[in-house]
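Each remark here refers to the structure printed beneath this line.
The values are calculated or read from the model by the stated rules, or taken from the named source; none is laboratory data. Keep in mind it's a predicted model, so treat the numbers as computed, not measured. Every residue, glycine as well, gets a Cβ built from its backbone with ideal geometry; the counts of neighbours run over all protein chains shown. Just so you know, the surface numbers come from the protein's heavy atoms only, side chains and all, with ligands and any DNA or RNA stripped out. Shrake-Rupley method; radii C 1.70, N 1.55, O 1.52, S 1.80 Å.
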Amino acid sequence: MSWNPALDPDCPTGDAVDAIDTVIVPRARDLGDFEVRRALPAPRRQMVGPFIFFDQMGPAEFLTGQGIDIRPHPHIGLATVTYLYKGRFHHRDSLGTDQWIEPGAVNLMTAGHGVTHSERVDGDMLGAPYALSGIQTWIALPEDKEDMPADFVHAPKDALPLMQGEGKQVRLILGHAWGERAPVETPSEMFYADAVLEPGAQIPLPDDHEDRGVYVVDGEVSVAGQVFEKQRMMVFRPGDRLSLRAGPQGARVLLLGGATLNGPRHIWWNFVASSRDRIDAAKEAWRAGDWAHGRFRLPPTDSDEFIPLPE
């Protein structure tokens, strides 16, 4: 669709430094075949709205025969979202889902009481070099949904609302913002959007969400009188009307946020929960390895191996 008039390019850009609550410089982590930069959780900020985990993957170049190869592992108390810019990989889970994750599509896996999944590159993908880059996020579940049944929902790129014009192209990945709503139902109120800005283009932050953050994927942006280069996350004070302006080379940013949860969350390995008891119970269930009758199952099409519980 053409640019939504609710995104007023003349929205105040803001010149108060204290409009920015937190600036996060992601920590680089080497995963062997590629590097990730982790913005959340951070020492001064565990979550932005319900978003509790935020990793930028790559960009990485894989040689022929190489690729992502993450064995089956468990999750509880969260929903995962992988949003790719380049490349693809194979998702299989204990629900029986068998889905290729591809650029621009939404794949929301809600763990709830427990789910197991793997992420691999296989088949024809190993027959040639390829590039991979994207963002992986976790959404912490509200307490009343921590024990919900696991679920997986896929929405192709073309199903997502696309707002464009005035030097910007914005794809709404999840939630609602700027008068639009993405098709995949979310466990709580949130927004998550991918914006590509031409040099000098502006985009206002949604003003109907309590928590709002921006991650600069590429280029640079100015906001609240400051300039931020790529691989920076800014978290803003609630209520302030602000816009981002792209730098002279343009920018690509992810905008995210939503309603805050009723308290912090405990994080251990791949588990997120409102109490340590929930995490301890999940540890014991994974350690027991009762795939036929226990809390966790292995993906039916990828059940020959799994990642053991860390010591």
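Descriptive notes on the structure:
- When the test is whether a residue is touching a residue at least 12 places away in the same chain (Cβ under 8 Å), over 18 Å from LYS168 (Cβ atoms) and open to solvent by 60 Å² or more (accessible area, probe 1.4 Å), GLU284 does not pass it.
- Residue in the range 136-155 that is farther than 29 Å from HIS266 by Cβ and touching a residue at least 12 places away in the same chain (Cβ under 8 Å) present: yes
- Among the conditions (1) modelled with pLDDT under 95; (2) of a type outside the set (Phe, Trp, Tyr); (3) touching a Leu at 6+ places or on another chain (Cβ under 6 Å), the only one that ARG237 does not satisfy is (3).
- Qualifying residue in the range 88-96 (condition: within 20 Å of ARG171 (Cα to Cα) and touching a strand residue (DSSP E or B) at 6+ places or on another chain (Cβ under 8 Å)): yes
- Residue in the range 8-16 that is more than 16 Å from GLN136 (Cβ to Cβ), at pLDDT below 90 and assigned to a strand (DSSP E or B) present: no
- Within the range 227-276, restricting attention to residues that are of a type outside the set (Gly, Ala, Ser) and free of Cβ contacts under 8 Å to residues at least 40 places away in the same chain, the residue that is surrounded by the most Cβ atoms within 10 Å (Cβ to Cβ) is LYS230.
- Residues located in the range 139-148, provided they are open to solvent by less than 30 Å² (accessible area, probe 1.4 Å) and of a type in the set (D, E, K, R): GLU146
- Once the range 46-72 is narrowed to residues that are at pLDDT 95 or above and charged (D, E, K, R), the residue that is most open to solvent (accessible area, probe 1.4 Å) is ARG71.
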